[in-house]
1. For region 121-141, state whether one or more residues are under 23 Å from L32 (Cβ atoms), in contact with a strand residue (DSSP E or B) (Cβ under 8 Å, 6 or more places away or on another chain), part of a helix (DSSP H, G or I) and at pLDDT below 85.
2. Run down R212, R145 and say which single residue is of a type in the set (K, R) and surrounded by fewer than 19 Cβ atoms within 10 Å (Cβ to Cβ).
3. Hey, can you tell me all the residues within region 309-334 that are open to solvent by less than 30 Å² (accessible area, probe 1.4 Å), outside any loop (DSSP other than H, G, I, E, B) and either at pLDDT 90 or above or more than 24 Å from Q237 (Cβ to Cβ) (or both)?
4. Would you be able to say whether some residue in region 163-175 is in contact (Cβ under 8 Å) with a residue 24 or more places away in the chain, open to solvent by less than 40 Å² (accessible area, probe 1.4 Å) and more than 18 Å from Q273 (Cβ to Cβ)?
5. Residues S238, S160: which one is outside any loop (DSSP other than H, G, I, E, B) and in contact with a helix residue (DSSP H, G or I) (Cβ under 6 Å, 6 or more places away or on another chain)?
6. Among (1) under 24 Å from A155 (Cβ atoms); (2) touching a Ser or Thr at 6+ places or on another chain (Cβ under 9 Å), where does E63 come up short?
7. Return only the number of the condition from (1) in contact with a Lys or Arg (Cβ under 6 Å, 6 or more places away or on another chain); (2) within 17 Å of R196 (Cβ to Cβ); (3) not in a strand (DSSP E or B) that S218 does not satisfy.
8. Which of the residues belonging to region 241-268 are over 23 Å from the mean Cα position of the chain (by Cα), open to solvent by less than 20 Å² (accessible area, probe 1.4 Å) and not β-branched (V, I, T)?
Amino acid sequence: MGFLRIRTTVDERPGRLASLAAALAAKGGNILGLSVQTDADGTVDEFVADIPAGAEAVREALEAAGGRRVQVVTATAHELTDEPTRVLLLASRLRMTPWRLPELLGELLRADDSRWVYGSEMSDLPDPTLLTVPVAPRRAIRIRRAELPFTLTEAARAASFVRLAQPAVEPSGTDRDITLSDGVEVTVRPLTRLYREAVRDLHDRCSPEARRFRYFTSMPVLPPKVFDRLCDRTKGQSLVAGHDGQVVGLANLMFTPDPGIAEMAFLVEDRWQGRGLGTALAGMLVRQARDLGFAEVRATLLSDNVRMRRLLVSLGATLSYTEDPGVVEARLAVGVMAAVSPVSPVSPG
């Protein structure tokens, strides 16, 4: 008998995990640990198993059960520790000794090597066994793990871990001016109940299609309880974009029962669409999610919402269909958000 760490990419289909577990059981495997991670082209299931079969036999069994890119490496008994407990202990060590960030980050991801890189060395390399985690504008940590490529979920975990070693971010209550792609300036502020009438007016000016894309129904009237929920900072954080005394865009980051995941949604007035406002608001929400400690942001959208799909993909999100063929789910690991620069902040003065 021997411990193996087994990783395979799977399609999001009901019963797929059960098929993989059955394939391991048929080889005499006892599953001792399981994690499910997001990656660029599917979900990655990772098992730690006590199994008598060899690596090649396990690989063939999982491929026959529907697994893709199956990887099997030797594991050790110390990898069977409770994963949340292990991460909390590493976080505690980091808070006491933040200068050991590269070493502890390497432990977090069970890496072969973890070291500082600077300046031009920070550029991403086309190698899935290398992960570069930004820490400062010209400083990053590069992690190497020869046997198992890094997933998007692991990249998000690494980015969240790095945040623990950095100074706390003060909540921003100030306005921010941005310049859209056509040169028009828009002011973005946190949503408060003072904007009740302005948000109602925005809702009234939006076309039925714009409202349908936001609420999955044309919703001719915005219910007061919906607005109140968007203003409740215990349930999320929202932004309004204003121009010439009107609110022209609304962006919402809502908390979920999963403490690592937030959901975002947008409503942009029709005549302001296609000018970079939605992308700017999305970037702000993702950065808010990062600063609040979230590892992933999700969005649920109608499959015919082409503009929103393109926006989310430009940020680095992965899209997958849900059980409803007309609904798509986007998942974005906040630590690997694609660099976006369609708009720029207005310089003071």
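1. Scanning region 121-141 turns up no residue that is under 23 Å from L32 (Cβ atoms), in contact with a strand residue (DSSP E or B) (Cβ under 8 Å, 6 or more places away or on another chain), part of a helix (DSSP H, G or I) and at pLDDT below 85.
2. Just a single option satisfies the conditions, and that option is R212.
3. Hits for region 309-334 are L311, L312, V327, V328, A330.
4. yes
5. After applying the criteria, what remains is S238.
6. In the conditions (1) under 24 Å from A155 (Cβ atoms); (2) touching a Ser or Thr at 6+ places or on another chain (Cβ under 9 Å), E63 misses (1) alone.
7. It is condition (2) that S218 fails.
8. A241, G242
The values are calculated or read from the model by the stated rules, or taken from the named source; none is laboratory data. In this text the structure is predicted, and so the values were computed from the model without any measurement. Cβ coordinates were reconstructed from backbone atoms using ideal geometry, including for glycine residues, and neighbour counts include every protein chain displayed. Quick note on the areas: whole protein, heavy atoms, side chains included, nothing else; ligands and nucleic acids left out. Shrake-Rupley method; radii C 1.70, N 1.55, O 1.52, S 1.80 Å.
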